[in-house]
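What follows is a single structure, written as structure tokens, with notes after it.
The values are calculated or read from the model by the stated rules, or taken from the named source; none is laboratory data. Here the structure is a predicted model, which means the values were calculated and not measured. All Cβ positions, even for glycine, are placed from backbone atoms using ideal geometry, and neighbour counts span all protein chains on display.
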Amino acid sequence: MRRANDRSRWSGDRIGRLSLRLDAAYCTLLGAGVAIAAPSIATSLPVPVWTLVVAGVAVVLWAGLILVLLTRLQLRTALRLVMVANLLAAMAVAAVSALGATLLVLAAVLAVAVDIALFAGSQAFALRRLRPAH
């Protein structure tokens, strides 16, 4: 009995909505942090400050779009779109990490890439747990 209750409590719908909300919160914090810390980050990467500021703001805007997708699209569609975007973002962040001048910067940027990939994994997990569309 407990096992059935645990399974319904962690349905694909619940996991998917939670994953998207957490992803949006993470993107808001990360994007704002990158935009604010752009001058410091630019000293360790061969990227202009303005590029980092634009990237940070874009990530904050993406966070808002995730919430819009969550309310306007079917959950399955929103999860797929955000999962694909997360996989692409993880690859882009990992590629930028190769430009890092120090081991600490490399480790920090790769950690962000792993975080993003984990969100994509949670969204894939939620998609598998969702009941088939009728």
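Go through (1) within 13 Å of the chain's Cα centre (by Cα); (2) touching a residue at least 24 places away in the same chain (Cβ under 8 Å) one by one and return the number of the condition Ile15 breaks.
Here Ile15 meets the rest and fails (1).
With (1) buried (at least 17 other Cβ atoms within 10 Å of the Cβ); (2) closer than 29 Å to Leu106 by Cα; (3) modelled with pLDDT under 95 as the list, and Gly12 as the residue in question, which single condition is left unmet?
(2)
Quick check on my filter: what residues within the range 113-134 are modelled with pLDDT under 85 and surrounded by 12 or more Cβ atoms within 10 Å (Cβ to Cβ)? Walk me through it before giving the result.
Of the residues in the range 113-134, the ones modelled with pLDDT under 85 are 113, 131-134.
Ala113 - this is the single residue of the range 113-134 that is modelled with pLDDT under 85 and surrounded by 12 or more Cβ atoms within 10 Å (Cβ to Cβ).
Residues are listed down the side, and each one gets a yes or a no for (1) surrounded by fewer than 18 Cβ atoms within 10 Å (Cβ to Cβ); (2) out of contact with any strand residue (DSSP E or B) (no Cβ under 6 Å at 6 or more places or on another chain); (3) over 24 Å from Leu106 (Cβ atoms); (4) touching a residue at least 24 places away in the same chain (Cβ under 8 Å):
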site: Val34; (1), (2), (3), (4): no, yes, no, yes
site: Ser44; (1), (2), (3), (4): yes, yes, no, yes
site: Leu52; (1), (2), (3), (4): no, yes, no, no
site: Ile66; (1), (2), (3), (4): no, yes, yes, yes
site: Ala85; (1), (2), (3), (4): no, yes, no, no
site: Ala89; (1), (2), (3), (4): no, yes, no, yes
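Could you list, in sequence order, all residues of the range 39-57 that are assigned to a helix (DSSP H, G or I) and under 18 Å from Ala94 (Cα atoms)? Before the answer, list the steps.
Restricting attention to the range 39-57, the residues satisfying the condition of being assigned to a helix (DSSP H, G or I) are 39-42, 49-57.
The answer is Ile41, Ala42, Thr51, Leu52, Ala55, Gly56.
Looking at this structure, is Thr28 at pLDDT below 95 and hydroxyl-bearing (Ser, Thr, Tyr)?
Details: at pLDDT below 95: no; hydroxyl-bearing (Ser, Thr, Tyr): yes.
When the stated conditions are applied, Thr28 does not pass them.
Checking the structure you have, find out if any residue of the range 63-73 is part of a loop (DSSP other than H, G, I, E, B) and modelled with pLDDT of 95 or more.
Narrowing the range 63-73 to residues part of a loop (DSSP other than H, G, I, E, B): 73.
Retained after the next criterion (residues that are modelled with pLDDT of 95 or more): 73.
The answer is yes, given that some residue of the range 63-73 is part of a loop (DSSP other than H, G, I, E, B) and modelled with pLDDT of 95 or more.
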